[in-house]
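The next block holds one structure in the form of C-alpha cells; read it before the comments.
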Amino acid sequence: MILETSGLTKRYGTHAALDGVDLRVPAGSVYGLVGPNGAGKTTLLGILAGLRRPTSGDIRVTADRRRIAILPDTPQFDPWLTGREVVSLAAHLVAAPTPQSAVAARVDAVLADSGLAEVADRRVGGYSRGMLQRLGLAATVVGDPELLLLDEPASALDPVGRREVLNLISRLRGHATVIFSSHILADVQEVCDRIGVLRDGRLLFQGTIEDLLVGRATPAYVVRLRGGAQEAEAGLREQPWVTEVRSEPGELLVGVRTVAEAERNLAGVLAAAGARVISLGPREADLEDVFLELIS
Ligand SMILES: Nc1ncnc2c1ncn2[C@@H]1O[C@H](COP(=O)(O)OP(=O)(O)OP(=O)(O)O)[C@@H](O)[C@H]1O
Ligand SMILES: [Mg+2]
C-alpha cells in the first residue's frame, strides 16, 4: 500500500464531511473515488495532499512527500502567465537541478500530451474551462509525481478531452499511483483497478469493480453486431463461462460467470465466429444499479 488512512474524520462544525474513512491504495494502482455531490471527495483529496487538516485519524503514506501532486477541481492560475510558463514553473518547483534544456523539452512534451501545444504561448486568462483543466493536469504530471490526486480531472472536458485524460491516466498505471474522483461511473469502470464509494463522508465500499459486482448482479456484456449474430450466439452458448445469451435486434446480451473470464475470452469467441462487432462492453446497468443501490 502506498497510502492508507485509518479512521480519517473531518468535521466542519458539527457536520462530518468525512467519517472514519479507512482508505487503502495499492502502489501503482488507479483508484477511483466515486460518490454524489457533497460525499466528501474533495475534502478527502485535500487532506491527502496536506492542504486540509483532518479532525482525527491517521494517514500513512509511503510515497515521497515531495512527489505527491494534486489537481484541484477548479484549477486557477495567474491570468497573465502563458500556459507554457505555468507548466515550466511547476516543473522548476519540483525538479532537482536539471539542465534548462531538459526541463524545456519535458514541458513541451507534457503540453503536447495535454493537447495544449497550440495555445501554449497564450495567456491563461483567456483559456476556456476545459483548457484550464488540461493545463492543471499538465502542471500536475510534469514533475513526474509518484502519487497523483486528481479531483474530477475530466469534469470540464468535451468527449475527446475526456478520452485523452483517461488515456493519460491509463498510461500512468504501473509507474505512478493515481487517485481520482469522478461522478462518471463509465470512466471509473474503464480505467480503475479499484474503486471507493463515498457517501455522506463514509466509505461504503472499497475494492475492485469485480468485487463490487459479485453477488449483486450477474455481470453481463452487450455486443453490438453488424452481422454474424447467429454464429456468435452459437459460439457463445458452447462456452462454460457464458451463463446466458439473449439476442436482440443488432445486439447480443451475454451473461457471464466472471468478468475476468469474459475479459479474457469474449472477443476471441466473437472473432472465431466471424462476427462483425461494432462495439463490445460491460452492461452499464450493472455498475450503475449497484452504485445507486449503495448510495441511496
Ligand atoms: N470549507 C468547508 N466548510 C464547511 N463545510 C465544508 C467545507 N468544505 C466542504 N464542506 C462540506 O463537506 C461535505 C463534503 O464536501 P466535498 O466538497 O468534500 O464533497 P464532494 O464529494 O467533493 O462533492 P462534489 O461532488 O460536489 O465535488 C459537504 O457537506 C460540504 O458542504
Ligand atoms: Mg468535489
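The values are calculated or read from the model by the stated rules, or taken from the named source; none is laboratory data. All values reported here derive from a predicted model rather than from experimental measurement. Methodologically, a virtual Cβ is constructed for each residue, glycine included, from the backbone with ideal geometry; neighbour enumeration extends over all protein chains shown. For accessibility, only protein heavy atoms count, side chains too; no ligands or nucleic acids. Shrake-Rupley method; radii C 1.70, N 1.55, O 1.52, S 1.80 Å.
Computed from the alpha carbon positions, the gyration tensor of the chain leads to an equivalent ellipsoid with semi-axes of 38, 26, 16 Å, biggest first.
For residue 70, the residues whose amide H sits under 5 Å from its own are 149, ignoring neighbours fewer than 5 places away on the same chain, with H placed 1.01 Å from N. Given a 1.4 Å probe, how much area per residue of region 128-226 is accessible, in Å²? Counting only protein heavy atoms, the per-residue value for region 128-226 is 40 Å². When the square roots of the Cα gyration tensor eigenvalues are ordered a ≥ b ≥ c, the ratio a/c for region 51-168 is 1.5 or more and a/b does not exceed b/c, which makes its shape oblate.
The charge dipole of region 208-296, taken about the Cα centre with unit charges on the Cβ atoms of Lys, Arg (+1) and Asp, Glu (-1), comes to about 340 debye, rounded to the nearest 20.
Judged by the mean number of other Cβ atoms found within 10 Å, the most tightly packed of the peptides 261-268, 109-116, 79-86 leads the ranking 109-116, 79-86, 261-268.
The mean sequence separation of alpha-carbon pairs under 8 Å and at least six residues apart, normalised by the residue count of region 76-151, gives a relative contact order of 45 percent. When only the Cβ of Lys, Arg, Asp and Glu is charged (+1, +1, -1, -1), the dipole of region 31-71 relative to its Cα centre reaches about 140 debye. Taking the helices alone, the chain has a mean residue ellipticity at 222 nm of -11000 deg cm²/dmol, built from -39,500 (n - 2.57) per DSSP H run of at least 4 residues and averaged over all its residues.
Would you mind pulling out the separation of the Cα centroids of region 165-226 and region 74-109, in Å? Taking the Cα centre of each part, region 165-226 and region 74-109 sit 31 Å apart.
Under 5 Å from the amide H of residue 199 lie the amide H atoms of 204, each residue being 5 or more positions distant or on a separate chain, with H modelled from the backbone and absent for Pro and chain starts. Think of region 3-212 as a dipole: +1 on every Lys or Arg Cβ, -1 on every Asp or Glu Cβ, centred on the Cα centre; then among 8, 172, 131, 8 lies furthest on the positive end. Histogrammed with a bin width of 10 Å, the alpha carbon distances of region 208-296 distribute as 17, 51, 25, 7, 0 percent, first bin at zero. Shown in residue order for region 75-80 are the 3J(HN,Hα) couplings computed by the Karplus curve 6.51 cos²θ - 1.76 cosθ + 1.60 at θ = phi - 60°: x, 10, 9, 5, x, 7 Hz (x for Gly and Pro).
Solvent-accessible surface of region 16-116, taken per residue with a 1.4 Å probe and all protein chains present: 51 Å².
For the chain, the share of accessible area belonging to carbon and sulfur comes to 50 percent (1.4 Å probe, ligands and nucleic acids excluded). Highest mean packing comes first when the peptides 271-280, 69-78 are listed by Cβ atoms within 10 Å, giving 69-78, 271-280.
State whether region 147-229 is rounded, prolate or oblate according to the following rule on the C-alpha gyration tensor (a ≥ b ≥ c being the square roots of its eigenvalues): a/c under 1.5 gives rounded; otherwise a/b larger than b/c gives prolate, and the remaining case gives oblate.
It is oblate, given that a/c is not under 1.5 and a/b is not larger than b/c.
Taking the Cα centre of the chain as origin and assigning +1 to Lys and Arg Cβ atoms and -1 to Asp and Glu Cβ atoms, the resulting dipole is close to 680 debye.
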